[in-house]
1. Test of understanding: among GLY133, GLY141, which residue is under 13 Å from the mean Cα position of the chain (by Cα) and at pLDDT below 90?
2. Among the listed residues THR120, THR67, which satisfies the condition of being under 26 Å from MET26 (Cβ atoms), in contact (Cβ under 8 Å) with a residue 40 or more places away in the chain and either charged (D, E, K, R) or in a loop (DSSP other than H, G, I, E, B) (or both)?
3. Look at THR140 and say whether it is among the polar types (S, T, N, Q) and not in a loop (DSSP other than H, G, I, E, B).
4. For segment 8-22, give me each residue that is closer than 24 Å to THR67 by Cα, of a type in the set (Gly, Ala, Ser) and at pLDDT 70 or above.
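The values are calculated or read from the model by the stated rules, or taken from the named source; none is laboratory data. Since this is a predicted model, take the numbers as computed values, not measurements. Neighbour counts run over all protein chains shown; Cβ positions are idealised from the backbone, glycine included.
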Amino acid sequence: MLFRSGQYADLCVAKVTEGVGGGAIMLTDAVQSTQVTVRQAVRHALTTLRHKDWNPDDVDFVIVHQTSSTTIKGVVRELNRAFARTICTLENTIDNLGERGNMGPNSILVALVDAVRRGTVGPGSNVVFGISGSGQVIGTGLYRMGDLPTRLLASPRKPEAAPAAARRSE
């Protein structure tokens with residue numbers, strides 16, 4: 001399920017730079033955007049869980065857009081506040097920013113694959129995905145893993161690329 005709120009579109013605006021060479025620049029109010037994102041994402045997740053008859057106690061893992069650890073911790077805090085009890089912890093909320101950084105829209109799927117490879121998310125796990133985009137597009141996905149982790153682990157693994165810094169020094 002997706003939700004879009006145009007009233008926050010000015011928090012992230014693309015413009016033509018006036019700098020030498022021209023080009024595009026993205027102007028973002030990161031603090032305000034994070035506050036709005038967390039508030040809207042939690043509200044949307046609650047609505048989606050209720051709409052799909054998911055019991056919050058059955059949620060095994062939460063994977064949100066990997067924008068910042070501060071945002072991820074804010075989601076944990078606000079979800080627990082909304083339910084008036086602990087549903088999310090730092091253990092069941094996937095945060096791979098330390099290993100991967102913010103990979104944009106790919107971050108959620110990369111975080112899922114990393115968690116499967118670590119053995120954290122396994123067959124039968126119930127996962128809530130939290131999607132957010134600049135200008136406040138919010139989404140919540142509910143997924144019962146079934147055998148997806150088994151299939152991911154069985155697929156041939158391609159070697160990972162060296163980090164950009166290592167490639168530059170070669």
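1. Working: GLY141 fails: at pLDDT below 90.
Every option except GLY133 fails the conditions.
2. Values: THR120 fails: under 26 Å from MET26 (Cβ atoms).
So the residue among THR120, THR67 that is under 26 Å from MET26 (Cβ atoms), in contact (Cβ under 8 Å) with a residue 40 or more places away in the chain and either charged (D, E, K, R) or in a loop (DSSP other than H, G, I, E, B) (or both) is THR67.
3. Numbers: among the polar types (S, T, N, Q): yes; not in a loop (DSSP other than H, G, I, E, B): yes.
When the stated conditions are applied, THR140 passes them.
4. ALA14
Quick grid of which residues meet (1) surrounded by 19 or more Cβ atoms within 10 Å (Cβ to Cβ); (2) over 16 Å from VAL127 (Cβ atoms):
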residue	(1), (2)
ASN55	no, no
VAL59	yes, no
THR71	yes, yes
ARG77	no, yes
ARG81	no, yes
LEU97	no, yes
